[in-house]
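J.: This is the structure I want to talk about, given as structure tokens.
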Amino acid sequence: MTLVTDPAAPRIAIVGATGAVGSTLIELLEERALRHRELHLVASSRSAGRLIPVGGRPYEVQALEDFDFGLVDLAFFSAGTGVSAEWVPGAVAKGALVIDNTNAFRMDPGTPLVVPQVNFRTLDEPPESGIIANPNCSTIPLVRVLQPVERRWGVRQAVVSTYQAASGQGHHGVEELLEGSELALRDPDAELPAERFRPPLAFNVVPFIDVLQDSGFTLEEEKMVRESRKILDLAHLDVTTTCVRVPVVNCHSAAVWIEADAPVDRDELIALLSAQPEVTVHDAENRAAFPTPLEAGHPDHVHVGRVRVSPHNPRGFWLWLVSDNLRVGAALNAVQIAEYVLGRGFLAGGTR
Ligand SMILES: NC(=O)c1ccc[n+]([C@@H]2O[C@H](COP(=O)([O-])OP(=O)(O)OC[C@H]3O[C@@H](n4cnc5c(N)ncnc54)[C@H](OP(=O)(O)O)[C@@H]3O)[C@@H](O)[C@H]2O)c1
């Protein structure tokens, strides 16, 4: 992260700075040397006063209720949907452009839902609402492979099963998985902690993420469907999902069946996906023939493996996807949005 005095550089706030996504945002802003004039770290009153080093300097965490959004040009929110619903409108009213990582505004018609590699054009104009929404962590890798397939062959249907890591439930989710695993190893009959994950996640596989909807699907499953349709601008895209939590610390995976409108050639499919920005295809010829959460490779890429065209249906094929949910699925996408809007001059001193 590069602190500068240039008045054109933005003043930035990170709300949820002590969380899993917030701390990854800080990491990425440092790694990518994002130029800024001021940085404000914001969290709940529980963390107020805590010092977090950024770029070699200590920053004091401020309580959200005491923070004045009039002090910043750009605010990243990753402190939960309820917090965003309550505080983002006030931040926008004070003049901040908000990049929101939660579910609060994703389907709002005046708020673009953006994956820069897929639909950056939705940012050609500043957002009507003053908010840019970051999609769900499993939607992002999915649309990054669906879009090129849709453009080349058309997508008749996509069937997705996710294998989602504990870090999708933040720092506390990871702590609960590790604590539960230790307890279970010591005593197989021990009662395991089940606050973030119910039933407990240690040594388990749980086909239920978020809350049940009237449709019988969970909210996580419905989010993937409606967000994919909005991002790809395909209102009737036939995509259906089962979202599953697995006892993995970080990196979400997904098994994706896609039925195209026309026969698919495997070599062409691999070449097409390999040509997408920040997508790595692991093919059988390579030593790392398939990605896993522990050994995927570049943390900023969507990793694709197990590419199989069905011998029974030449229009249908399987992909295995792995990506870092905290980076690709959340913080990196948000930072790439910020880099794009800063380049377009949407912030104070720009067109806003
Ligand atoms: N984890 C992922 O893979 C992922 C991916 C995409 C989107 N998201 C979304 O990002 C958001 C944060 O997720 P996370 O995984 O980073 O969670 P987390 O590790 O639990 O962090 C939550 C953050 O929000 C802050 N916070 C909680 N309640 C607050 C309040 N009332 N006022 C102000 N700050 C408050 C916490 O501050 P304290 O430390 O002070 O409690 C902490 O900084 C969620 O909406 C989540 O759905 C997460």
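J.: Rounding to the nearest 10 and keeping the result within 0 to 90°, find how far the Cα-based axis of helix 139-152 lies from the longest principal axis of the chain.
T.: Orientation of helix 139-152: about 60 degrees from the principal axis.
J.: Just the number please: accessible area per residue for the chain, 1.4 Å probe, all protein chains included, in Å². Mind dumping the intermediate values first?
T.: Values: 15580 Å² over 352 residues.
I get 44 Å² per residue for this part.
J.: Next question, about the same structure. For region 80-143, how big is the tail of P(r) above 16 Å, as a whole percent of Cα pairs? Numbers along the way, then the final one.
T.: On the way: 851 of 2016 pairs.
Distances greater than 16 Å cover 42 percent of the Cα pairs.
J.: Compute the long axis of helix 219-232 from its Cα atoms, compare it with the longest principal axis of the Cα atoms of the chain, and write down the angle in degrees, 0 to 90, nearest 10.
T.: For 219-232 against the chain, the angle is about 90 degrees.
J.: Using Cα atoms only, what is the angle between the long axis of helix 20-31 and the major principal axis of the chain, expressed in degrees (0 to 90) to the nearest 10?
T.: Result, in degrees: 80.
J.: For region 1-87, rounded, prolate or oblate, judged on the Cα gyration tensor with a ≥ b ≥ c (square roots of eigenvalues), a/c < 1.5 rounded, else prolate if a/b > b/c?
T.: Details: a/c = 1.63, a/b = 1.39, b/c = 1.17.
Here region 1-87 falls in the prolate category.
J.: Related question: Calculated from DSSP H runs of 4 or more alone, at -39500 (n - 2.57) each and per residue, what is the 222 nm mean residue ellipticity of the chain, nearest 500?
T.: Values: 8 runs with 96 residues, N = 352.
The per-residue figure over the chain is -8500 deg cm²/dmol.
J.: Given the convex hull of the Cα atoms of the chain, what is a quarter of its surface area in nm²? Spell out each step's value before the answer.
T.: Details: hull surface 76.9 nm².
Projected area, direction-averaged: 19.2 nm².
J.: If R0 is 41 Å, what FRET efficiency do you get for His298 and Ala63 from their C-beta distance, rounded to 0.05?
T.: Efficiency at R0 = 41 Å is approximately 0.65.
J.: If I ignore ligands, DNA and RNA and count only protein heavy atoms, how much of Trp87 is accessible to a 1.4 Å probe, in Å² to the nearest 10?
T.: That residue has around 70 Å² of solvent-accessible surface.
J.: Order Tyr163, Tyr59, most accessible first, counting only protein heavy atoms with a 1.4 angstrom probe. Walk me through the numbers before you get to the answer.
T.: Numbers: Tyr163 85, Tyr59 25 Å².
Ranking Tyr163, Tyr59 by accessible area, largest first, yields Tyr163, Tyr59.
J.: Report the antiparallel proportion of the DSSP beta bridges in the chain as a percent, rounded to a multiple of 5. Write out the running numbers ahead of the final one.
T.: Values: 27 of 58 bridges.
So the antiparallel bridges in the chain amount to around 45 percent.
J.: Order the following by accessible area, largest value first: Phe105, Phe290, Phe77. Probe radius 1.4 Å; ligands, DNA and RNA are ignored. Please list the in-between numbers first.
T.: Values: Phe105 30, Phe290 115, Phe77 0 Å².
Sorted descending by solvent-accessible area, the residues read Phe290, Phe105, Phe77.
J.: Something else now. Report, to the nearest whole %, how much of the accessible area of region 67-191 belongs to carbon and sulfur atoms, 1.4 Å probe, protein only.
T.: Details: 2510 of 4950 Å².
The C+S portion of the solvent-accessible surface of region 67-191 is 51 percent.
J.: Find how many whole Å separate the alpha carbon centroid of region 305-322 from the alpha carbon centroid of region 108-174.
T.: Measuring centre to centre over Cα atoms gives 22 Å.
J.: Now a separate question. Between His172 and Leu212, what FRET efficiency comes out of the Förster formula 1/(1 + (r/R0)^6) with R0 = 22 Å and r the beta carbon distance, rounded to 0.05?
T.: Values: r = 22 Å, r/R0 = 0.99.
Calculated transfer efficiency: 0.50.
J.: Go ahead and set up a Gaussian network model of the chain, Cα springs under 10 Å, then flag whichever of Ala165, Ala254, Ala33 fluctuates most.
T.: Its mean-square fluctuation being the largest, the pick is Ala33.
J.: OK, next. What distance in nm separates the two pseudo spin-label positions at Asp233 and Ala271, each 7 Å out from Cα along the beta-carbon direction?
T.: Rounded to a tenth, the inter-label distance reads 2.7 nm.
J.: Separate question: Let me check against my output: what whole-number percent is the relative contact order of the chain, with C-alpha pairs under 8 Å and at least 6 apart?
T.: Working: 749 pairs, mean separation 60.3, N = 352.
About 17 percent, as a whole number.
J.: Just by accessible area at a 1.4 angstrom probe, what is the order of Asp66, Asp73 from largest to smallest?
T.: On the way: Asp66 125, Asp73 10 Å².
Largest to smallest exposure gives the sequence Asp66, Asp73.
J.: Give me the orientation-averaged projected area of the Cα convex hull of region 248-294, in nm², one decimal.
T.: Working: hull surface 17.7 nm².
Projected area, direction-averaged: 4.4 nm².
J.: Could you size up the charge dipole of region 1-97 around its Cα centre, putting +1 on the beta carbon of Lys and Arg and -1 on that of Asp and Glu, and report it in debye to the nearest 20?
T.: Working: 8 positive and 11 negative charges, 21 e Å.
Rounded to the nearest 20 debye, it is 100 debye.
J.: To the nearest Å, what is the center-to-center distance of region 5-50 and region 85-102, using C-alpha atoms only?
T.: 15 Å
J.: How much of Val88 can a 1.4 Å solvent probe reach, expressed as accessible area in Å² and rounded to 10?
T.: Near enough 0 Å² of accessible area.
J.: Right, next: Give me the accessible area of His301, 1.4 Å probe, in Å² rounded to the nearest 10.
T.: 40 Å²
J.: Hey, another quick one. Taking the Cα centre as origin and putting +1 on Lys and Arg beta-carbons and -1 on Asp and Glu beta-carbons, what dipole magnitude results for the chain, to the nearest 20 debye? Let's see the in-between values first.
T.: On the way: 30 positive and 45 negative charges, 125 e Å.
With Lys and Arg at +1 and Asp and Glu at -1, about 600 debye.
J.: Right, something else. Among Leu113, Leu64, Leu74, which one shows the biggest mean-square fluctuation in a GNM of the chain, springs joining Cα atoms closer than 10 Å?
T.: Leu64
The values are calculated or read from the model by the stated rules, or taken from the named source; none is laboratory data. Because the structure is a prediction, the values reported are computed rather than measured. Cβ sites come from the backbone with ideal geometry, for glycine too, and all protein chains shown count toward neighbours. Calculation scope for accessible area: heavy atoms of the full protein, side chains included, ligands and nucleic acids excluded. Shrake-Rupley method; radii C 1.70, N 1.55, O 1.52, S 1.80 Å.
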